[in-house]
1. Against the definition (among the aromatic types (Phe, Trp, Tyr) and modelled with pLDDT of 95 or more), how does TRP315 come out, yes or no?
2. Only one of VAL13, VAL34 is of a type outside the set (Gly, Ala, Ser) and at pLDDT below 95; which?
3. Scan the range 81-137 residue by residue and report those that are of a type in the set (S, T, N, Q) and in contact with a strand residue (DSSP E or B) (Cβ under 7 Å, 6 or more places away or on another chain).
4. Please enumerate the residues belonging to the range 151-174 that are over 28 Å from MET21 (Cβ atoms) and either of a type in the set (Phe, Trp, Tyr) or surrounded by 22 or more Cβ atoms within 10 Å (Cβ to Cβ) (or both).
5. Please determine, by comparing only the residues of the range 110-132 that are of a type in the set (D, E, K, R) and within 30 Å of ILE22 (Cα to Cα), which one is nearest to the chain's Cα centre (by Cα).
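The values are calculated or read from the model by the stated rules, or taken from the named source; none is laboratory data. On a predicted model such as this, the values are computed, not experimentally measured, just so you know. Quick reminder, even Gly has a Cβ in these numbers, built from the backbone with ideal geometry, and neighbours come from all protein chains shown.
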Amino acid sequence: MYQRFHVATAFEVEAPPGFEMIGFADPTHPQIPVRKDYHFRREILRNILAYLADPLGDGLYLTGPTGAGKTSAMMQVAARLNWPVQAISCHGRLELSDIVGQFGLFRGETRFVHGPLSIAAREGHILLINEVDLADPAELAGLNDIIEGQPLVIAENNEVIRPHPTFRLVVTGNSAGAGDNSGLYQGVMRQNIAFMDRFRVVHVDYPEPDIEQEIVQGAVPRANGEILGKMLEVATEVRRLFTGDSDPDRDAGAPPLTLTMSTRTLVRWAALTVAFKGAPGVLKYALQQALTNRAGAEEREAIHRIAEDVFGDLWWGWPAQQEAQG
């Protein structure tokens, strides 16, 4: 059974009166994503809802930097519409049979086990393929027909599945199918142009600073607002060096960075800062665990230097300094 949801109420955003979105009435399906507190960015939400309402024979490709919220945006939209999601993450050895289904041995009997694509197509779920640009394009070509609404033919099982009217195919990737020219995303493959031609592409970037601070504050309510603001300044500088958007005068001697500070990393840094509050040099200690312990020595030093410049005396003295002032 279907249900209509008022967009303003369901997503807690400003929307025209009477603007509704179709979803499902049953909130108990086990494949409905867990609903979490989430700040929806209007443009991204609008594009996802438009696709879910009418795909027009397309798939939806959400692309953008790591940790920008591609998967979480899709999952939280589905959570509020009670729309079940079949999710799978790609890797270089992924085969089409991993998505469609394959024979397996159960209690001495061989039987066919439907994969996430078969289930989603039959039941009208969303098939969410994460990190799609890590997969072999030759394998992904097997999805071309079903994106356009053609039946899914499973030759191994002598079965034909006609896509349910509410079946949707959504993929995420750090590239938009053109491969990774930066060398920062290992394993990313250039995708077949015929496959990419079947998608509408939506770019998901990091949120605006005020929105991102609200997101992090919501995830870590006990975090100090002033400290969060400075963490965001650090993140902005790290991202700038990561993308190569550097100023020769401003960044003289700074190495290009091969890792970045995502919103997810910011939440981790803030949470660890709260968890270890009272430890000497807690901001640096938490940042090391959140990000820089996986960086090379030169990059680690560069990020710590950025943080020290942004925080000033707070870098070494907070929260002891704050307590002394209080």
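1. no
2. The unique qualifying residue is VAL13.
3. Residues satisfying the conditions are ASN82, GLN86, SER89, GLN102, THR110, SER118, ASN130.
4. Result: no residue meets the conditions.
5. First, pick out the residues of the range 110-132 that are of a type in the set (D, E, K, R): 111, 122-123, 131.
Now narrow it down to the ones that are within 30 Å of ILE22 (Cα to Cα): 122-123, 131.
Numbers: ARG122: 26, GLU123: 24, GLU131: 9 Å.
That would be GLU131.
Conditions tested, residue by residue: (1) within 24 Å of SER262 (Cβ to Cβ); (2) within 15 Å of the chain's Cα centre (by Cα); (3) surrounded by 15 or more Cβ atoms within 10 Å (Cβ to Cβ).
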site: PRO55; (1), (2), (3): no, no, yes
site: ASP58; (1), (2), (3): no, no, yes
site: VAL77; (1), (2), (3): yes, yes, yes
site: ASN82; (1), (2), (3): no, no, yes
site: ARG93; (1), (2), (3): no, no, no
site: GLY108; (1), (2), (3): no, no, no
